[in-house]
Amino acid sequence: MHDHPADFEGYDWPVCVTPRCDRKLWASEIGRQSCRPCEDATGTRIAELPGLFRQMNTTASLMRGARRPGGGSTSGSKTPPIPPRLEVLALVGPGGIATRLRDIEDAWRKALGWTVAPWRGSPAQAVPQHTQFLLNNLPWACDAYQSVGQDIDDLRRLHAECTAIVNDERRPGRVQIGLCPIRVDDGLCGQQLTASAASHRVRCGNCGARWETLGEWRELRAAQEAVLAEAAGVAA
Ligand SMILES: [Zn+2]
Ligand SMILES: [Zn+2]
């Protein structure tokens, strides 16, 4: 005896609502929105998001910490910024992970008839709370929330974006933080410097200069900006 759906002519057996899943629901799942494998995979992804956020937030603070206070010159003559990893900043900042999780939470709250948009604080404070809410209510959503397929797909994409960035950073030498500003005999060193979220240590592979603390990071960033300002001055 098995309870896998048989195909009857002229009868469309209910399938999972998740885009591109299309699994036929088992007889014991009839009435549900998504299949159980989709629910399980989504639960795992949600549970991993706070850790992924923390790792990306470390990288983002590393880049922000290097900004020079005061900014030096006033008015329009700004030095070209050293390219930060915009996708990291976008995911940990406003409109990023926290906002995308909040939107899903609010949609579920609305469907449940609950108060929407409870105060959650900064993204770093909000992400664990959103994920806890989503984990607690995922069984309900997969069972009864008609739009859950889109949310499952959004969560899968968000998780994939974060994983790609974090995995990229684990490989050494993948986060580029600008050119080495050290002066050598015939001008600037100019080697592309790299850093990882796991360590504050930056070492130039060409001239051997090292920056190991956040204070030294700020000096590095200031020196890079001075070089860029000089180059901009020459070009102007
Ligand atoms: Zn499914
Ligand atoms: Zn160098």
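The values are calculated or read from the model by the stated rules, or taken from the named source; none is laboratory data. Note that the coordinates shown come from a computational prediction; the quantities given were computed from them, not determined experimentally. As a convention, Cβ positions derive from the backbone with ideal geometry for all residues, glycine included, and neighbour counts pool all protein chains shown.
Would you please name the residue that is surrounded by the fewest Cβ atoms within 10 Å (Cβ to Cβ), looking only at residues in the range 31-42 that are small (Gly, Ala, Ser) and within 13 Å of ligand 1 (Cβ to nearest atom)?
ALA41
Does GLU169 meet the test of being more than 16 Å from ligand 2 (Cβ to nearest atom), in a helix (DSSP H, G or I), at pLDDT below 95 and surrounded by fewer than 19 Cβ atoms within 10 Å (Cβ to Cβ)?
Numbers: more than 16 Å from ligand 2 (Cβ to nearest atom): yes; in a helix (DSSP H, G or I): yes; at pLDDT below 95: yes; surrounded by fewer than 19 Cβ atoms within 10 Å (Cβ to Cβ): no.
No; evaluated as a whole, the condition is false for this residue.
Scanning for something under 19 Å from CYS21 (Cα atoms), surrounded by fewer than 20 Cβ atoms within 10 Å (Cβ to Cβ) and touching a residue at least 60 places away in the same chain (Cβ under 8 Å), does the range 118-137 turn up at least one residue? Steps first, answer last, please.
Applying the first criterion (under 19 Å from CYS21 (Cα atoms)) to the range 118-137 yields none.
Checked the range 118-137: no residue is under 19 Å from CYS21 (Cα atoms), surrounded by fewer than 20 Cβ atoms within 10 Å (Cβ to Cβ) and touching a residue at least 60 places away in the same chain (Cβ under 8 Å).
Looking at the range 44-63, is at least one residue surrounded by 15 or more Cβ atoms within 10 Å (Cβ to Cβ), within 16 Å of ligand 1 (Cβ to nearest atom) and modelled with pLDDT of 75 or more?
The answer is yes; a qualifying residue exists.
Within the range 132-147, restricting attention to residues that are touching an Asp or Glu at 6+ places or on another chain (Cβ under 9 Å) and not in a loop (DSSP other than H, G, I, E, B), which residue is farthest from ligand 1 (Cβ to nearest atom)? First the steps, then the outcome.
Pass one, the range 132-147, residues touching an Asp or Glu at 6+ places or on another chain (Cβ under 9 Å): 133-134, 137-139, 141-143, 145.
Filter once more, keeping what is not in a loop (DSSP other than H, G, I, E, B): 133-134, 137-139, 141-143.
Values: PHE133: 22, LEU134: 17, ASN137: 18, LEU138: 13, PRO139: 14, ALA141: 13, CYS142: 9, ASP143: 13 Å.
Applying the filter and picking the extreme gives PHE133.
If the Cβ limit is 8 Å and pairs must be 6+ apart or interchain, which residue in the range 200-216 that is touching a residue at least 60 places away in the same chain (Cβ under 8 Å) and under 24 Å from GLN55 (Cα atoms) pairs with which residue that is surrounded by fewer than 15 Cβ atoms within 10 Å (Cβ to Cβ) and of a type in the set (Ser, Thr, Tyr)?
Close Cβ pairs satisfying both conditions: HIS200/THR213.
Looking at the range 184-200 only, could you name the residues that are at pLDDT below 85, within 16 Å of ligand 2 (Cβ to nearest atom) and buried (at least 16 other Cβ atoms within 10 Å of the Cβ)? Don't jump to the end; show me each part of the working.
So the first thing to find is which residues in the range 184-200 are at pLDDT below 85, and the list is 185-186, 194-200.
Within this subset, residues satisfying the condition of being within 16 Å of ligand 2 (Cβ to nearest atom) are 185-186, 194-195.
Correct list: THR194, ALA195.
With the structure loaded, tell me whether ALA160 is outside any helix (DSSP H, G or I), among the small types (Gly, Ala, Ser), away from ligand 2 (no atom under 16 Å from the Cβ) and under 30 Å from GLY31 (Cα atoms) or whether it fails that test.
No; evaluated as a whole, the condition is false for this residue.
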